[in-house]
Amino acid sequence: MLITEAKMRDAACTATRAAAAKARSSSATRGTPTEDRASSDVNQSAWQALLIHRLTTEDAMPITTATLPALPEGLPDPRDRTQAWDGSEPAYLRWWQRLAEHAGEDDYPRVNNQVNQFKLRELYAHAIPTRAALERLLALGPLIEVGAGAGYWARLLRDLGGDVLAYDCYSPECNHWLTGAVPGRPAPVTPNWTAVAVANEGLVGQHPGRAVFVCWPPRPSNGYLINILRRHRPAVVALITQGMGPMRGRDDDFYLTLQEGWEQDHPQFLLHHWPYQTDNLTIWRAASPG
């Protein structure tokens with residue numbers, strides 16, 4: 001990468017993060033869809049003004065530049081955006097089946113080390129999808145995913161015919177959850193699995209008929225989930241987290257807010273997960289008034 005291009009990418013990340021932070025900090029004072037759209041436009045214009053590439057179609061990106069150890073024989077390459085599936089199952093699920101399905105607690109450190117070595121959470125997602133979980137989400141109707149990251153879950157849902165809008169407040173080059181992207185050091189290649197638009201949570205208000213899907217949001221809540229609930233009151237929220245409970249010594253304000261006006265479908269949908277994780281899928285529906 002040329003030095004000038006690297007500087008442009010770094011400047012773009014700085015501009016985009018600043019715009020996103022400004023949008024979030026002022027969200028409490030904004031109250032109209034027009035203002036939400038304006039804040040979203042700030043994010044996108046800051047990015048586009050510096051001519052940084054963003055994926056704008058649903059075509060998969062080429063292989064990323066992440067450096068990995070030699071892959072176990074027979075497993076899909078997590079860097080290759082053409083390998084979202086392995087046969088009829090999500091490619092990520094195949095990794096779990098090989099590394100963790102039959103692992104006992106004594107194997108947890110080894111498995112967790114392998115997950116980190118192959119950067120599976122960064123290259124795929126934190127949550128491991130199954131066909132059953134994807135079909136459960138599809139049954140909710142049109143979806144809007146907030147905090148979609150590199151878009152792996154959105155890609156699988158779209159491949160199965162789902163109507164999914166995917167958003168993240170950071171472009172993947174600037175997203176510290178993704179491979180090679182740390183604050184101030186953008187990733188060398190956009191690691192999108194599918195189209196993920198850059199926008200803040202205000203976009204939810206423009207799509208009131210869609211169920212909101214959020215996978216592994218920051219905990220304790222950084223505010224955007226509470227904003228979605230209080231300002232836009234979605235009828236359905238599909239959530240993948242490790243459940244309610246004190247986080248880092250703080251009450252989990254998001255779950256407290258959720259329980260004020262939404263009721264959980266029971267039972268929760270159990271997912272496969274990596275050692276030391278307990279994430280599952282829960283569906284919440286807005287409670288009837290009175």
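The values are calculated or read from the model by the stated rules, or taken from the named source; none is laboratory data. Everything numeric in this text was worked out from a predicted model, so none of it was measured. For neighbour counting, all protein chains shown are included, and Cβ atoms are generated from backbone atoms with ideal geometry for every residue, glycine included.
Data table
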quantity	calculated
Complete set of residues in segment 94-104 that are in contact (Cβ under 8 Å) with a residue 12 or more places away in the chain and exposed (fewer than 12 other Cβ atoms within 10 Å of the Cβ)	E101
Scan of segment 137-163 for residues that are under 17 Å from Y92 (Cβ atoms) and of a type outside the set (G, A, S), ordered by number	L137, E145, Y152, W153, R155, L156, L157, R158, D159, L160
So G290, is it at pLDDT below 90, in a loop (DSSP other than H, G, I, E, B) and under 19 Å from the mean Cα position of the chain (by Cα)	no
Subset of segment 219-272 [modelled with pLDDT of 90 or more, more than 22 Å from A133 (Cα to Cα) and part of a loop (DSSP other than H, G, I, E, B)]	R233
Conditions (1) farther than 22 Å from F269 by Cα; (2) surrounded by fewer than 15 Cβ atoms within 10 Å (Cβ to Cβ); (3) not acidic (D, E): number failed by R131	(1)
Top-ranked residue in segment 272-290 [being touching a helix residue (DSSP H, G or I) at 6+ places or on another chain (Cβ under 7 Å) and surrounded by 14 or more Cβ atoms within 10 Å (Cβ to Cβ); ranked as nearest to P109 (Cα to Cα)]	P275
